[in-house]
Amino acid sequence: PLLGDDAFCYIDDIVICGDDSESVLAKVELFLKQCRKTGFYLRLGKSEWFKHQVKYLGHVVGTDGIKVQEKKTQTIIAAPRPESRCGLQGFLGMCGYLRPFISRYSDTTAPLFDLLKKGAELKWQPAHERAFEALKEAVQNTITLHAPTPTGTYIIETDASELGVGALLKQRQGDVEVPLEFASRKFNPTERGWDKRERELFAVKWAVEKWRDYVSLAHFVVRTDHNNLRYLTNVDTGKVFRWALALSNYDFTIEFLSGERNHIADWLS
C-alpha cells in the first residue's frame, strides 16, 4: 500500500519518505507490519532510520536535492583509458548512468561513440583523448538536481550545435530557478546537414516533447536563440511546418537567451 507515493523499492533497496517525523514514523510502522505479515526480513546493520539524506541507487537524495554519490564519480575519474571496445563500452555505460547530471552529454561523448561504430578501429586520436578527459571532468563537476514542486513555472533552455542537441529543464521555486534535469541527443548524418535555424528549432521541439509530462498542463517558458522566434513565424519547409504544428499544442512563451545567460554553455564550460 505504500509503494508509489510514500515508498520506493528497487530490488531490495527500499526508501520510505515523508514531510515530517510523525508522518515518516506512521509509514515505517505500516511498512514493518507488512514485513511481519509477509515474512520479509530486514538486516538491521544495513538499515538507516530517520535520515535527512540517504544514498540510493548511486545517488545522494536529500532535502537539498539529488547528487551523484562521490564513490561513483571517483570510480569514473580514476578509470584508465580503455584499451578495448568492451572496456570503452563499460566506461561509457558507467557515465551514461549520470547523463541527467551532465550538460551536453551527447556532444561530449560523440567522438568516443564513433570508436564503437561497426568496422571502426579502436585507435585513439587527440579528439578522442580530449573527449575522454572532458567527460571525466564533466563527471567530476556534476551539479545538484532538484525535485519539481506542484507550483512554479517550468523553464526549458535549449541549445544546438553541429553535433547534437542540449537541453536543461528548470523550475522557478520561490525567488530562484533550480535545475531539474539535463538532456541531450546526437544528430544523425541527415540532421547534421540541417542549417542552424532548423537545428535550433528542432532542439526546442525535441526538449518540449521529452518533458511533456512536466509542461503539458500549464504555461511554461522556452529560452533559446532569438532566431527561433522569427523562424516560427516564417515556415518555409514541410518538416518545419510539422514541428511548428506539434509545438502549437503547448502553451509557452519563447524568450531570447543571450550567450552570457546560457546555463547549458556555462555548465559545459
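The values are calculated or read from the model by the stated rules, or taken from the named source; none is laboratory data. The model shown is predicted, which means the values in this text are computed figures rather than measured ones. Here Cβ is always computed from backbone atoms with ideal geometry, including for glycine, and neighbour counts include all displayed protein chains.
Name the pairs: first residue in segment 57-82 and in the same structural domain as residue 126 (by the TED database) and hydroxyl-bearing (Ser, Thr, Tyr), second residue surrounded by fewer than 14 Cβ atoms within 10 Å (Cβ to Cβ) and outside any strand (DSSP E or B), Cβ to Cβ under 9 Å, at least 6 apart or on different chains?
Within 9 Å, the pairs are 73/140.
Looking at the structure I just gave you, is residue 116 assigned to a loop (DSSP other than H, G, I, E, B), modelled with pLDDT of 90 or more, within 21 Å of residue 186 (Cα to Cα) and out of contact with any Phe, Trp or Tyr (no Cβ under 8 Å at 6 or more places or on another chain)?
Yes.
Would you confirm whether any residue within segment 253-260 is in a helix (DSSP H, G or I) and modelled with pLDDT of 90 or more?
no
Please find, within segment 47-95, the residue that is nearest to residue 187 (Cα to Cα) out of those that are modelled with pLDDT of 90 or more and small (Gly, Ala, Ser).
93
Do we find a residue being closer than 12 Å to residue 223 by Cα, crowded, with 17+ Cβ neighbours inside 10 Å, touching a Phe, Trp or Tyr at 6+ places or on another chain (Cβ under 9 Å) and modelled with pLDDT of 90 or more anywhere in segment 169-187?
Yes, the conditions are met somewhere in segment 169-187.
Enumerate the pairs (first residue in segment 105-119 and free of Cβ contacts under 8 Å to residues at least 60 places away in the same chain; second residue anywhere and in a loop (DSSP other than H, G, I, E, B)) with beta-carbon separation below 6 Å, excluding pairs fewer than 6 apart on the same chain, so at least 6 apart or on different chains.
What qualifies is 115/122.
In this structure, does residue 162 turn out to be under 28 Å from residue 77 (Cα atoms), acidic (Asp, Glu) and not assigned by the TED database to the domain that holds residue 204?
No; evaluated as a whole, the condition is false for this residue.
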